[in-house]
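The structure appears right after this line, and notes come after that.
Each reported figure results from applying straightforward, stated rules to the coordinates on display, with no laboratory input. The model shown is predicted, which means the values in this text are computed figures rather than measured ones. Heads up, the Cβs are rebuilt from the backbone with ideal geometry, glycines too, and the neighbour counts pull from every protein chain shown.
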Amino acid sequence: RDPRSTAKMLLYYDQWILGYEQIKSECLASEEGQSVLLLCNADVDAIASARIFSYMLRSDNIHYQLLPCTNYSMLDQRLKEVQLDSIPAVVLMNFGASRNLHRLFEEHPDLAQTKVYVMDCRRPIHLANVYAGENIVVFIEGYQTDIALPSDGDNLSGNESSSDEDDEDDSSDDSSSDEDSDNEDEAEEEAAFDDVVDVARPAREQTADYDGEDEGGDENPRRSRDDDVDEDSLEQSPKRQRTSANTEEGTTDVEESEPDTPPAKQDSISPREMHRQRRERLRSYYSSGTYYGSPAAFVAYEIARQARFGEQGDLLWLACVGVTDAYLHSRIDRDGFTKLGIELRDSCLKLFPSDMYERAVNTVYAEDLAKAKGGDRTKITFSDNGRILAENDYKFFLLRHSSLLESMVHSDFVSTKLQVWTKKGMHRLQELLAKMGYPLEECKQPFAFMRPSLRRRLHEKVLEHAEEYELRDFEFTSFFRVTGYQSLLSASDTSYAVTALLECDAPSTATGGDLDDDKAMIEAFNLAFDALNPNVAPSIGLNGLANEGHDAASLVNGGSLSGNSGIGAGIRLAMAMQRTIISTAVSLVDRNAINRLRHFRYAYLTCTSAGESQTARSDMIRTDSSTKKEDAPAHLFSKPLALSRLAHYLMSMHRENGKWTGNKARPLVLMAERPQAGTYLVVGYEWPERAGQLVHNKFGMNFELTAKSMNGNIRFDSFDSNVVEVDGSDVQRFIEQLHYLMDSI
């Protein structure tokens, strides 16, 4: 075996800069015309990381192409469209780590001289990417000494022939039949690290090469007859053992053992048992479920900081937005967000020292500045666009761009705590505002136009009554950017706005245009990408600002949110999107449309059941049963992120009222109709009983096993393993088969 170091394939926290330096050296040393290909997922974290990375490339005079990529079929399409022989490096922004990327080199021979860099937060990392050679490099959080990956064995990528040389040296007493059985087990294990599903084909065409062990499953009924022979000796063996390189002399090197346990003998563990232990470690690695690591925007900013770009406030702001987006959409838990927030806060204080910080804060309440006691001195306000402030923010939805009452009603935190969709809940909210001393008419005014004294005392008053109304932890660490006089834009508002631009239909599709899904996605991606640019000046026409709210500089508190582009349009769409999510959740509960099985709950969403509207980019579009299938617009919940947010709200709603807690707790499966394609988008969602925590999602493995056990049209094309697309005629059978499978585990 040719020994390889994981440092070649994995770049840890202190090595991230080496990846960029390698890209830089390869591009600058190559012939003219070489460029870097940036493939970016359609989410806020990925777009923020792409903006940071593209800034560094431009600063170093490196050509690059930036293309959106939303699924694995599109990844294959992108690689076919470009000239790979002129691209020394391909960077995958927020996708690819959890799938076997080595197959790309088999399907695209032109990639042989190209290195693929993976900057993805999805975990676990497919081990084929770790041991695939120097052509695949993965950025991973932590340090090398902190992360334990299964590293023993040769055939993790499934592209090398099995070797039995060690077995021949150590198992001379084994019969020829045992050796054949070992070889069969190794052959099965090699196949385990290929992709379990070819993303471009339906499940009925994949049965021959399907192997669910990629995610840690052990559904293969054929096992060696000696698999269970040495279980007792395995339990009594030392916790960590390592066979010495000098196996021919029969020595065994024990790294750690129990104090009273004598050194292990050579024959205490057979090659077959070592092989089985290895399989168990691999199975445990994959079967724990999917989870998330550091956001891609944080990784990109750390690379920029380790280089010479750490003093750029724009890059720091993009990192703040990306990390906040990961927290808001449950990709990192509260502890992880706090840790990353501390690092970003330190960077904010470094770029904007505390004295300027205090002066900038004064701009928020510039109209409230009182004269000094003597009456002869006046405080001078200070405003500087671009400054980033690290402060606590309310868990109220888009507070600075709506009224206090509306932001609390549409807040996940407040609405689920008080159940404001009921009359009793709304009465409690109004009672809270009355006890705070806030007149209802003032609370209905835009927050920017409320009396300054009420805005200034909001934190004090909410804190005073938080315990009584169970509104503890009503704040979280956030970041703000000064965008003008008396104007602040928070990272959370930016995240919601850009997400809405990505999830809602593009203007041409909302007004009856004939754009297909890919073109509509590209148009929405471009709008979202431009919205994150803090330096774009608004277009000015004869009648003044043609698109007020086009960029952050022209968006002030209380300003117009009209227009079809920019942060202003995104905030308007985010408000409509949140209203649709809440109304749909309430509708599902009122109609008892959520069914409970032994292992999970599930619900269907059709175009006519998705609340009051489908939230298109123009006005709200409603689809009734008389609409032709080919003319029906794709509704909001046909997008994975919007459907996940609906599942998140449903979980939070029932966690607070105690109906889905304890022995009643179940994961949730939502199926949203995609009328244009005649399919259903299926999302499996797991949520802990305590807010702010995350659990590993095992639906990816269960979906794959379900697809293998049935003959249906199922597409595993999403970057998230818990998201699949099922043909409309197979969706009911898919749910039934999923139930039977989970019942048998």
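Of note:
- Long-range HN-HN contacts of S478 with modeled amide H, under 5 Å: E391, N392, D393
- Cα gyration tensor shape of region 418-469, rounded if a/c is under 1.5, else prolate or oblate by comparing a/b with b/c: oblate
- Under-5 Å amide H pairs with R674, H placed in peptide plane, nonlocal only: T679, Y680, L681
- Between V118 and L92, V137, V138, F139, the built amide H atoms are under 5 Å apart, and every one of these is 5 or more places off in sequence or on another chain.
- Protection proxy ranking of 445-454, 677-686 - average other beta-carbon atoms within 10 Å, highest first: 677-686, 445-454
- Packing rank of 300-308, 38-46, where each peptide gets the mean count of other beta carbons within 10 Å, highest leading: 38-46, 300-308
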